[in-house]
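Notes for the one structure printed next.
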Amino acid sequence: RSFPVPVAFARRAVRVADRGALALRASSATFHAPRHKAGMATSAVAVVAQRFGGPEVLQISKKELPPLGPSQVLVAIKAAGVNPSDTYVRLGPDGPYAGRPQLLPALPYTPGKDGAGVVEAIGAEVEGLQVGDRVYTTGSVTGTYATHAVCDAAFVRQLPAEATFAQGACLGVPCATALYALRCRAGLMEGERVFVHGASGAVGLAAVQLARRIVGAAGVVVGSAGTERGEGEVKAAGATAVVNHRQAGYLDEAKKVAPEGFDVVLEMAAHANLPADLGITARRGRVCIIGSKAEGVAVNPRLFMACEADVRGVFLPSASPAEVAAVHEELRVALAEGALKPVVGSELQLSEAPT
């Protein structure tokens, strides 16, 4: 059975045609009548997990939505993003969040933080949003794997006309992580040299596009991929050169493009690549770790000394409110300029999401 709400799994952001926002419980004892269009949804068709575990715990069902609070927004979800963290949450105490129970939701729950759609209702205290606005959301309490979601207005932003709903569902985690790493953690400047180690994923492709915009014509952006298709996508994203990280000597090939090394290295698998990254880092370069398995890495400390390199962690939830605001404003500008075009890897109907 197919639902009218197509769920699109975009490159690390899944496109859920008709996906939604987040739902937060009203915290005020005083009722404020929301502004809405006739026939406002009070329930949603959603992916619901009654317990933690493998993919089999995900089931399609109908669920009631909580009353809309004064600072909340009801979004009719058109596309939802699927991110690795959604899997970590689904696994529960047996997954990567085993030691961080505060990151796990109460059961039952609907997965998904990223989504894009149309505002269907707004609380009485919400400003800057109107019923009918195209928006994207970057956080969710009720989950975005659904036809509708209640969202805290602070996490809902206008979706530029240049972006499709599926692309909007890619903005919250993939694109924001990439730009946060480049701007806030790496401090990337015009004319610098960037190596994206693992550039064919959602964050990597966004990083290539955004890095190209920042460094300009005088800068260099090199990305790695593991397949012919991935190499093509990285090149299409604007990379100066692309290397295949499954081939021997690929880092030597990358360094031919930047003989003095890279000012910034974005690393998606530090558990495997960190020692090698330090070998291609320029003097006083910055290696920014975006992804890694939870395992030890043997690194010779002297590798840091000779080039005076920095190794910096990247964790989007640690960004300050000012940094988050700046990141999303720049994403808006990059979309409007055409410099950022989120890549949607695949799309599914909501009914297919559990499979």
Suppose every K and R has +1 on its Cβ and every D and E has -1 on its Cβ; what is the size of the dipole of region 180-327 about the Cα centre, in Debye to the nearest 20?
80
Exceeding the 26 Å Cα-Cα cut-off - candidates K62/K293; K256/K341; K113/K341
K62/K293; K256/K341
Of all trypsin sites (Lys or Arg not before Pro) in region 258-355, which ones are in loop regions per DSSP and have a Cβ with at most 12 other Cβ atoms within 10 Å?
K293
Just to confirm, what accessible area per residue do you get for the chain at 1.4 Å probe, in whole Å²?
44
Surrounding net charge for H197, when Lys and Arg each add one and Asp and Glu each subtract one, Cβ distance under 12 Å
-2
Mind running the shape call on region 238-312? Use the C-alpha gyration tensor, a ≥ b ≥ c as the square roots of the eigenvalues: rounded below 1.5 for a/c, prolate if a/b tops b/c, oblate otherwise.
oblate
What residues from region 164-196 fall in the zone where the backbone N is under 17 Å from a label point 7 Å along the Cα-to-C-beta line of Q247?
196
Quick calc: nm separation of the 7 Å Cα→Cβ label points for A326 and V131 -> 3.8
Please give the length that would be gained between Y88 and R284 if that part of the chain were fully extended, namely 0.36 nm times their separation in residues minus their C-alpha to C-alpha distance (nm, one decimal).
67.1 nm
First select every other residue whose beta carbon is under 15 angstrom from the beta carbon of V222; then total the charges, Lys and Arg +1, Asp and Glu -1.
-4
Computed over region 226-325: relative contact order in percent, which uses C-alpha pairs under 8 Å that are six or more apart:
20
Considering Cα pairs under 8 angstrom that are at least six residues apart, work out the relative contact order of the chain and quote it in whole percent.
21
Let me know the charge dipole size of the chain about its Cα centre in debye, to the nearest 20, where only the beta-carbon of Lys, Arg (+1) and Asp, Glu (-1) is charged.
300
How large, in percent, is the carbon and sulfur part of the accessible surface of the chain at a probe radius of 1.4 Å?
53
Options (i) 178; (ii) 150; (iii) 138 for volume of the Cα convex hull per residue in Å³; the value derived from the coordinates is listed as (iii)
Euclidean distance of C-alpha centroids, region 286-355 and region 181-259, integer Å:
13
Would you mind finding the longest exposed-site-free stretch of the chain, with exposed chymotrypsin sites (Phe, Trp or Tyr not before Pro) meaning DSSP loop and at most 15 other Cβ atoms within 10 Å?
32-314
Between G219 and residues 5 or more places away or on another chain, the pairs with built amide H atoms under 5 Å apart involve G191
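Hand me the GluC sites (Glu not before Pro) from region 170-234 located in a DSSP loop with no more than 12 other Cβ atoms within 10 Å, in residue order please.
Answer by residue number: E190.
The values are calculated or read from the model by the stated rules, or taken from the named source; none is laboratory data. From a predicted model like this one, the values you see are computed outputs, not experimental measurements. All Cβ positions, glycine included, derive from the backbone under ideal geometry; neighbour counts span all protein chains shown. Keep in mind that these areas ignore ligands, DNA and RNA; they rest on the heavy atoms of the full protein, side chains included. Shrake-Rupley method; radii C 1.70, N 1.55, O 1.52, S 1.80 Å.
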